[in-house]
Every structure is written in C-alpha cells, then in structure tokens.
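Student: The structure's right below; bear with me while I get my questions together.
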Amino acid sequence: MKILGIETSCDETAVAIVEGKGGLKAPYFKLLGHAIYSQVAIHEQYGGVFPMLAKREHSKNLVPLLEKALKEAKMLGRPAKSKKAPPEMQKKIRALLEREPELAESFLALLPAIPRPKIDAIAVTVGPGLEPALWVGVNFAKALSIFWNLPVIPSNHMEGHIVSVLLPEKKSRPESVSFPAVSLLISGGHTELVLVKAWANYRIIGETRDDAVGEAFDKVARMLGLPYPGGPHISKLAEEDRKRRPKSAWKLPRPMIGTDDFDFSFSGLKTAVLYSVKNLPDLDKDSVRGLAREFEDAATEVLVAKTRKAIEKFGAKSLILGGGVTANARIRHAFKALAADFPGLKLFLPAPSLSTDNAVMIAITGFIEAAKSRKLSLSRTFKADGNLKLS
Ligand code: KG4
Ligand code: ZN
C-alpha cells in the first residue's frame, strides 16, 4: 500500500510517499519520496513559532513540496499539456481552500498538469499542533482527495513520532518491536510517556504538567543568550563544559524525579536557571557552559528515571524514543545505558532525519491506522484539533 503523508503541525512543511507492507503485526516500510521545508530561520527572529506566519509558509510551500516528493518517487511522469481543471472542480477546490487563497491558486496552476499518482491513500496530521498551521495541511489533503478521488486518513502527530522507528536509517528490514513497549516522546511541544500494547493501541501514562522538555531547552537557551531553537546550542556548550571540568560546578533541581507517577515538570528547573542567571554579576561564557551542562544533566536524569520506572512497572519489552529532543547526544547516550540495564529490552531510536517533524512518520501512521480499521473512508468531515490526544 502506498501512502502520501502531509505534515504541517508546527514549523515544518513536509510531504512524503511511503510504501507499507506486512500489516499490523509486522509492518515495514520503504521510503519512496520525501520533501521537507523548515521554517526555523523565519521564526528564529521571534524566538519561537509564530502561528499565522507558519500558516502562510505552509500555504506557500505545500504544492512545490508535493511536486518534489512525487518527482523523487518517480511518480511525476511526463507533464500533461497543462490541462485546466474542469470549472466544477475549480469551484470545489477554491471553496475548500477559501482561507488559503495562495494555496488554491498554486494547486489549480500545477495539479491539473500532474498525472494521478499510483497511491492508495493520503494521510494528514490533524493534531496535536498549532491549529492555524494544522488546518492548511488538512484542507490541502482534502483538496487532493477530491481531486484524485482518494481516501484521507486523519493522523495523530504523536503516533507519528512513535512509529518513526519503523523506518530505520539503513534500508534493511528493521528488528520488530516486541510488546508491551514504552515510548517516551520528547519534543518542543510534548513530553509524554506512552504505553504501547500493540501498534495502534496507545495509552498515555504520564506527561508534563507544564513545559515540554524541548520548550525548556529553548527557554533556558534564551536566558543564556543562545539562539532559537536552543537544544543543539545547549548540547554543544554542555559538552564543552564536560571537557573542561570533571564535575558540574552548578546544582539545579531534578523536579518530580522521585514522585510516584509518570508525570514530568520542567518549569521549576527553568526558573532555577533564571535565578542562577539573575544572581550572577555578569553572564560570562564559563557560567553559560556550566549552566547548560547542569540543565542538560538535570533534564536527562528526570527523563531516564521516569522511563525506568515505566519499564519496570509495565514489564516493557521495547523502549521507543521519539521527537526532536532525541537528537540530543547526551540523552541518546543515557537511554542506551538505561536499556542496557534491562536484559532483553529492545531500544528503538528514530533515524536522525526522522527524529524531528517530518511527513514520513505521518504516512507510516496512515498505514498503521488503515491496517487497524481495515477499510478506508472517503469522508472528509474531520477537523484539525490542536489538542488531540493519543488513545
Ligand atoms: O519534534 P520537534 O522537531 O518539533 C516539535 O514537535 O516540537 O522538536 C523540536 C525541539 C526543539 O525544542 C529543539 O530545541 C529540540 O527539539 N532539540 C533539541 C536538540 N535538537 C533539537 N533539544 C536538545 N538537544 C538537541 N540536540
Ligand atoms: Zn513533533
């Protein structure tokens, strides 16, 4: 089954085509094409993602990215002689993309010239994320589904981060995930521990009560005068500090590390960094390095401690990590060490290219959901939902 995935939940616009096989029991995938455009440079000046700007950028980039992904998948063929869509179809597309007029125009300018690709369904992120941004992808997916008469599968972005590990970097068939699995999702918007009893069977067992861990990285980076997104900068400076001194020169709290649940809290840790900075006569490079290191250690230790508890409690046979923060070398290392403490536990880390937001994971989610429900629907009544939960 070939699925076209669309992702616009935050500041990444992406389109992918993935072929899935093996059904719900032993799914495996082949990447046929992926085109992604990151808006990070655009949002950098605001120190965070600005929703209306994200929406505009998605509208501008979706059609060119679709063309690029189809080309990579060798699905473009020879361009049709720039046929025009029939007036009735034009009307439908314009009505659907009423709030994204720029997208409607580029859609109608390009789509009629593209031969209908041999795909079986379209999968699109419906949440969680920034609603204005999500709607662009949702409306685009609906427009494509009308244009090509294909079913659309509404997909959960967080499920996407979990199933990312089904397409490892090396092309060989991946090792299969053994259940139950525990998944820790760490990104700019989320910090969740999820119990995965089988594919398409998820239960959130813990989550952050305030800031997401990636958000804490970004906010702490800002306090330390580092650019957005802050995660990679903190990580680099923390490593420099470790090379300079054997032990951390700072002491920050490890919030909720010992509590009897699977929840997290990062805002106290962030505030502790703020006070440390405020108490300094001036924020010199050495203090920045030292605070970056201690903050990274504190966040890592809390993530590891709660995940360890979840593995023990649920007798997990696999540990799946997902989300942009898994790019952090210290965190990757700490989780490898954690997994080594449990003989037989399989550790799954997403390929670096799939750890941040992408459309491949959405296409894979579409396959999993289609395999679960066994029939694809042509209904296009679903909505974007910024607060969508995994269930
Ligand atoms: O999953 P993602 O790409 O987007 C969201 O859905 O949020 O995650 C982005 C987050 C940002 O907060 C960024 O600072 C963080 O991932 N991040 C990192 C690193 N690379 C990216 N955090 C810590 N260390 C890193 N190396
Ligand atoms: Zn994400």
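Student: To the nearest 20 debye, what is the magnitude of the charge dipole of segment 243-391 about its Cα centre, counting +1 on the Cβ of each Lys and Arg and -1 on the Cβ of each Asp and Glu?
Tutor: 340
Student: Please work out, to two decimal places, the log10 of the ratio I(q)/I(0) at q = 0.31 Å⁻¹ from a Debye calculation in which every Cα of segment 280-320 carries one identical scatterer.
Tutor: Log10 I(q)/I(0), no solvent term: -0.97.
Student: Another one. On alpha carbon coordinates alone, what is the Rg over Rh value for segment 299-370, Rh being the Kirkwood radius?
Tutor: Working: Rg = 13.3 Å, Rh = 13.3 Å.
Here the Rg-to-Rh quotient is 1.01.
Student: Something else now. Sort out for me the Cα centre separation of segment 55-76 from segment 253-319, rounded to whole Å.
Tutor: Result: 39 Å between the Cα centres.
Student: Another question, if that's okay. Placing +1 at every Lys and Arg Cβ and -1 at every Asp and Glu Cβ, with all other atoms neutral, what dipole size does segment 200-322 have around its Cα centre, in debye to the nearest 20?
Tutor: Here the size comes out at about 320 debye.
Student: Right, another one. DSSP loop (so not H, G, I, E, B), at most 16 other Cβ within 10 Å: list which trypsin sites (Lys or Arg not before Pro) in segment 175-248 pass both filters.
Tutor: 209, 247
Student: In Å, what Kirkwood hydrodynamic radius results for segment 1-127 from the alpha-carbon pair distances?
Tutor: That comes to 15.9 Å for segment 1-127.
Student: Suppose all protein chains stay in the model; what accessible area per residue would a 1.4 Å probe give for the chain, in Å²? Could the numbers behind the result be given before it?
Tutor: Values: 17320 Å² over 391 residues.
Computed with neighbouring chains in place, this is 44 Å² per residue.
Student: Run lengths n ≥ 4 of DSSP H only: what is the helix-derived mean residue ellipticity at 222 nm for the chain, with -39500 (n - 2.57) per run over all residues, to the nearest 500?
Tutor: Helix-only estimate at 222 nm: -13500 deg cm²/dmol.
Student: Please find, in a Gaussian network model of the chain (springs between Cα atoms separated by less than 10 Å), the residue of 13, 381, 271 whose mean-square fluctuation is greatest.
Tutor: 381
Student: Take the chain, connect every pair of alpha-carbon atoms lying under 10 Å apart with a spring to form a Gaussian network, then pick out the residue of 277, 138, 360 with the largest mean-square fluctuation.
Tutor: Between 277, 138, 360, it is 277 that shows the largest mean-square fluctuation.
Student: A follow-up question, please. Using just the alpha carbons, could you tell me how many Å³ per residue the convex hull of segment 156-230 encloses? Walk me through the intermediate numbers first.
Tutor: Numbers: hull volume 8.2 nm³, N = 75.
Value for segment 156-230: 110 Å³ per residue.
Student: Could you work out which residue, out of 155, 248, 59, moves most in a Gaussian network model of the chain, that is, has the largest mean-square fluctuation with Cα springs under 10 Å?
Tutor: 248
Student: Mind checking the alpha-carbon convex hull of segment 265-342 and giving the volume per residue in Å³?
Tutor: So the per-residue Cα hull volume is 103 Å³.
Student: Now, a different point. Report the antiparallel proportion of the DSSP beta bridges in the chain as a percent, rounded to a multiple of 5.
Tutor: If we restrict to bridges inside the chain, about 60 percent are antiparallel.
Student: Along segment 368-378, what does the Karplus equation 6.51 cos²θ - 1.76 cosθ + 1.60 (θ = phi - 60°) give for ³J(HN,Hα), rounded to whole Hz, x for Gly and Pro?
Tutor: Once θ is set to phi - 60°, the couplings for segment 368-378 become 4, 5, 5, 5, 6, 8, 6, 9, 9, 9, 8 Hz.
Student: Residues in segment 199-225, backbone N under 14 Å from the label point at residue 280 (7 Å along the Cα-to-beta-carbon vector): list them, ranges by number please.
Tutor: Under 14 Å, as judged by backbone N against the label point of residue 280, lie 220-225 of segment 199-225.
Student: So for segment 72-172, Kirkwood radius off the Cα pairs, Stokes-Einstein at 4 °C and 1.567 mPa s: how many µm² s⁻¹?
Tutor: 85
Student: In Å and on Cα atoms, what radius of gyration and Dmax does the chain show?
Tutor: For the chain, the Cα-based Rg and Dmax read 21.8, 71 Å.
Student: Rounding to the nearest 20 debye, state how big the charge dipole of the chain is about its Cα centre with +1 on each Lys and Arg Cβ and -1 on each Asp and Glu Cβ.
Tutor: Using Cβ point charges on Lys, Arg, Asp and Glu, the chain gives about 1400 debye.
Student: Turning to a different aspect of this structure: May I ask which of 55/383; 219/285; 197/336; 92/383; 71/383; 71/91 have a Cα-Cα span longer than 20 Å here? Kindly include the intermediate steps, with their values, before the conclusion.
Tutor: Working: 55/383 16 Å; 219/285 18 Å; 197/336 22 Å; 92/383 18 Å; 71/383 29 Å; 71/91 27 Å.
Those over the limit are 197/336; 71/383; 71/91.
Student: Please compare each pair in 60/83; 83/142; 118/317; 81/142; 84/118 to a cut-off of 27 Å on the Cα-Cα distance and tell me which ones are over it.
Tutor: The pairs that break the limit, which is 27 Å between Cα atoms, are 118/317.
Student: Kirkwood Rh and Cα-based Rg: tell me the resulting Rg over Rh for segment 200-342, rounded to two decimals.
Tutor: Ratio of gyration radius to Kirkwood radius for segment 200-342: 0.98.
Student: Toward the positive end of the charge dipole of segment 232-304, about the Cα centre and with charges on Cβ (Lys, Arg +1; Asp, Glu -1), which of 237, 302, 274 goes farthest?
Tutor: About the Cα centre, the residue reaching furthest to the positive side is 237.
The values are calculated or read from the model by the stated rules, or taken from the named source; none is laboratory data. Here the structure is a predicted model, which means the values were calculated and not measured. All Cβ positions, glycine included, derive from the backbone under ideal geometry; neighbour counts span all protein chains shown. Only protein heavy atoms, including side chains, enter the accessible area calculation; ligands, DNA and RNA are left aside. Shrake-Rupley method; radii C 1.70, N 1.55, O 1.52, S 1.80 Å.
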